[in-house]
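J.: So that we are looking at the same thing, I have put the structure below in structure tokens.
The values are calculated or read from the model by the stated rules, or taken from the named source; none is laboratory data. Predicted model, so just to flag it, every value in this text is computed and none were measured. So basically every Cβ, Gly included, is an ideal-geometry build from the backbone, and we count neighbours across all protein chains shown. SASA here: full protein model, heavy atoms, side chains in, ligands and nucleic acids out. Shrake-Rupley method; radii C 1.70, N 1.55, O 1.52, S 1.80 Å.
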Amino acid sequence: MRIFTTGTSMGGSNLFLGIDCSTQSMKITAINESLQIKYSDQIEFKSLVQYKTADGVIRLDDTDIVAPSLMFVEALDMLLTKLSSEIDISTILAMSASGQQHGSVYLKTGSSLILQNLDSSKLMQSQLKDAFSIPNGPIWMNSSTSAQCALIEEALGGSQIVADLTGSRSYERFTGPQIARIMEINAEGFLNTERICLISSLISSLFLGKYAPIDSSDGSGMNLMDIKTSKWSQPCIAAVAKAGKSPNNAKKILELLGENPIPAHECIGTISKYFVRRYGFHERCLIIASSGDNPCTLAGIRMQKSGDVCVSLGTSSTVLAIVDNPHPSGSEGHILRNPIDPNSYMAMLCFKNGALARNKIMNDVCSEGWDAFNNLLSKTAPGNGGNIGFYYLDPEITPRLNKSQTLRFDSSNRLIDLFDSASEARAVIESQFLSMRVHANNLNINVKRIFATGGASVNTAILQILSNVFGCEVYVSKSGPNTAALGSAYRAVHGYKCSPKFLNFSSIFTNGCFETCSAKPDVKAFEVYSKMLGRFSELEKRITLGTL
Ligand code: XUL
């Protein structure tokens, strides 16, 4: 979908640009000073067939999942080429980007010179094709580092200590454990590396023409940053080097990470000459630090109050909440720095089998698409007659489960092979939201109202179940489901106005841009789900402990 207002309605107003490099696509959004969307476009990675990905990812095996770093560069080339032919790029005052969290990019020795000297007569893709020491970097779906996670936790004194230090226990997809594994399985690639970026900081490095610092919100998803000080944690880096079987490499890891993380609202410089010459950006266009897609989503829905909770139904499902006094858990969930307020934090839960499970079951039970799926949902009652299903098509992050399995239980907790189509449709949706409620409770996340976003948030039948499970109203944004791209554009505005002095996000953005209440809870259904919660949680525990 592309929205573009031409001619006079652009009114010569200044623009702010946001870019989201997500799992399956790259999206670009330009907003004006009144925060209206003036342009949006996207490119699906599957259309870049030369990279041989399935929807943007390469599955080397069940747990080792990577993405070509050059594909991100080429997608950016393509989006900017189109953008420059359709809007007056010189009116862009500032830009920022969002990147799928945890994914890392390894740049080869000498790449900083390539970035500095990009030739504006050529695309970036052709100039950076040999710039990556590890051409396919691990992404958030990668769960191949259980051994490294265990070693890191052992070196630091246990999972709670790691969580207290970094905001999360050691997680397989986090950058620290991934670095440890790369040091071991690809020592040469590691030694040829000059810089490790996150996907978000790769995008800002391209725009800056030099390596950009990592921001502290995305940096919270690495198991490498001290969550209290936002500085690289020497003990964590030493533990990663030890887990990678090269304790002497601790200094090199620190060098590869670059300067300490910075707040996400910080301006990191002006756009490089390459973009001025090639696309016509103004030479004073500001680059605001990029951040992760979940922090950008929080900004995109303008979430500022505790009790407001975002449920993002994208490739992964996430639950996001603002917390002032965080208590990191050594068993589940994450605490991240808040990208719009340097004095507070955000809590996050991530479920890997989000769209993956929903789409697979939709295709299994009906071939006619989501309307037919919703029709099936209407044929069963809340609680699904006691049927409960667990759909772990990939190893799961929350709850931690390192194998794929699908299990179905009838109302007497008997394992059964199949549900009828209508029960199967309801089971996958109820299971996802019951699990969210169980784990949000575990983290003491107080849910008063829900802001839903991401692809599945356009489906009101699904949102009704979400509302009934949590017993609260669900709102969706009028600006559509691409909240991370919009959030990075909002952060570009925030960062621009924060230069040179910090300004509260609330002084620019009112709380919530969600004027539409899409679902109100049905009291009876909420009671049914509240009663089901204990049984659901018990079954989930038995599955993860392997004690069925
Ligand atoms: C969050 C996570 C996913 C990715 C998806 O911890 O792993 O939500 O950010 O892009």
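J.: Could you check, for segment 364-374, whether at least one of its residues is in contact with a strand residue (DSSP E or B) (Cβ under 6 Å, 6 or more places away or on another chain), at pLDDT 95 or above and open to solvent by less than 10 Å² (accessible area, probe 1.4 Å)?
T.: Initially, segment 364-374 is screened for residues in contact with a strand residue (DSSP E or B) (Cβ under 6 Å, 6 or more places away or on another chain), giving none.
Within segment 364-374, none of the residues are in contact with a strand residue (DSSP E or B) (Cβ under 6 Å, 6 or more places away or on another chain), at pLDDT 95 or above and open to solvent by less than 10 Å² (accessible area, probe 1.4 Å).
J.: For segment 251-299, which positions are polar (S, T, N, Q), open to solvent by less than 20 Å² (accessible area, probe 1.4 Å) and either free of Cβ contacts under 8 Å to residues at least 60 places away in the same chain or in a loop (DSSP other than H, G, I, E, B) (or both)? Full working, then the answer.
T.: Start the filter on segment 251-299 by keeping residues that are polar (S, T, N, Q), which leaves 260, 270, 272, 290-291, 294, 297.
The next check asks that each one be open to solvent by less than 20 Å² (accessible area, probe 1.4 Å); those that pass are 272, 290-291, 294, 297.
SER272, SER290 - these are the residues of segment 251-299 that are polar (S, T, N, Q), open to solvent by less than 20 Å² (accessible area, probe 1.4 Å) and either free of Cβ contacts under 8 Å to residues at least 60 places away in the same chain or in a loop (DSSP other than H, G, I, E, B) (or both).
J.: Consider ASN248 carefully, then state whether it is in a helix (DSSP H, G or I) and open to solvent by 40 Å² or more (accessible area, probe 1.4 Å). Break it down stepwise before answering.
T.: Working: in a helix (DSSP H, G or I): yes; open to solvent by 40 Å² or more (accessible area, probe 1.4 Å): yes.
When the stated conditions are applied, ASN248 passes them.
J.: I would also like to ask the following. Of all residues in segment 90-128, how many are open to solvent by 50 Å² or more (accessible area, probe 1.4 Å) and either hydrophobic (A, V, I, L, M, F, W, C) or within 16 Å of the ligand (Cβ to nearest atom) (or both)?
T.: Final tally of qualifying residues: 3.
J.: Step by step: first the residues of segment 504-524, then only those that are surrounded by 13 or more Cβ atoms within 10 Å (Cβ to Cβ) and aliphatic (A, V, I, L, M), then the one that is modelled with the lowest pLDDT. Which residue is that?
T.: ILE508
J.: Follow-up question, since we're still on this one. In segment 169-217, what residues are in contact (Cβ under 8 Å) with a residue 60 or more places away in the chain and small (Gly, Ala, Ser)?
T.: Within segment 169-217, GLY176, ALA180, GLY189, SER200, SER201, SER204, SER205, GLY209, ALA212, SER216, SER217 meet the criteria.
J.: Further, regarding this structure: Determine whether ALA357 is open to solvent by less than 20 Å² (accessible area, probe 1.4 Å), within 16 Å of the ligand (Cβ to nearest atom) and part of a helix (DSSP H, G or I). First the steps, then the outcome.
T.: On the way: open to solvent by less than 20 Å² (accessible area, probe 1.4 Å): yes; within 16 Å of the ligand (Cβ to nearest atom): yes; part of a helix (DSSP H, G or I): yes.
Taking the combined requirement at face value, the residue satisfies it.
J.: Restricting to segment 392-419, name every residue that is part of a strand (DSSP E or B) and open to solvent by 20 Å² or more (accessible area, probe 1.4 Å).
T.: Step one: list which residues in segment 392-419 are part of a strand (DSSP E or B), which gives 392, 396, 401, 405-409, 415-416.
Within segment 392-419, GLN405, THR406, LEU407, ARG408, LEU415, ILE416 qualify.
J.: Just to verify a result, which residue in segment 307-323, among those that are touching a Cys at 6+ places or on another chain (Cβ under 6 Å) and in a strand (DSSP E or B), is nearest to SER25 (Cα to Cα)?
T.: Quick first cut of segment 307-323, residues touching a Cys at 6+ places or on another chain (Cβ under 6 Å) only: 316, 318, 320.
Of the ones still in play, those that are also in a strand (DSSP E or B) are 318, 320.
Details: THR318: 18, LEU320: 22 Å.
Checked segment 307-323; the qualifying residue nearest to SER25 (Cα to Cα) is THR318.
J.: For segment 129-141, how many residues meet the condition of being of a type in the set (A, V, I, L, M, F, W, C) and within 16 Å of the ligand (Cβ to nearest atom)?
T.: Taking segment 129-141 and keeping what is of a type in the set (A, V, I, L, M, F, W, C), we get 131-132, 134, 139-141.
Applying the additional criterion that residues be within 16 Å of the ligand (Cβ to nearest atom) yields 139-141.
Adding up the residues that qualify gives 3.
J.: Something else about it: Starting from residues that are over 18 Å from GLY209 (Cα atoms) and not aliphatic (A, V, I, L, M), keep the ones in segment 58-80 and report whichever is surrounded by the fewest Cβ atoms within 10 Å (Cβ to Cβ).
T.: Checked segment 58-80; the qualifying residue surrounded by the fewest Cβ atoms within 10 Å (Cβ to Cβ) is ASP61.
J.: Please find, within segment 144-169, the residue that is farthest from the ligand (Cβ to nearest atom) out of those that are within 30 Å of SER112 (Cα to Cα) and open to solvent by less than 20 Å² (accessible area, probe 1.4 Å). It would help to see each step written out before you state the result.
T.: Here is the first cut: in segment 144-169, the residues within 30 Å of SER112 (Cα to Cα) are 144-145, 148, 166.
Pick out the ones that are also open to solvent by less than 20 Å² (accessible area, probe 1.4 Å) and you get 145, 148, 166.
On the way: THR145: 14, GLN148: 17, THR166: 13 Å.
In this case the residue turns out to be GLN148.
J.: Right, here's the next one. Can you list the helices (runs of 4 or more DSSP H) lying wholly within segment 170-227 that have 3 or more residues being of a type outside the set (Phe, Trp, Tyr), open to solvent by less than 10 Å² (accessible area, probe 1.4 Å) and within 27 Å of ILE19 (Cα to Cα)? So that I can check it myself, show each step before the final result.
T.: Values: elements: 175-185, 187-191, 199-208, 216-219.
The helices (runs of 4 or more DSSP H) meeting that bar are 175-185, 199-208, 216-219.
J.: MET303 passes all but one of (1) under 22 Å from SER25 (Cβ atoms); (2) of a type in the set (A, V, I, L, M); (3) open to solvent by less than 10 Å² (accessible area, probe 1.4 Å); (4) modelled with pLDDT under 95; which number fails?
T.: It is condition (1) that MET303 fails.
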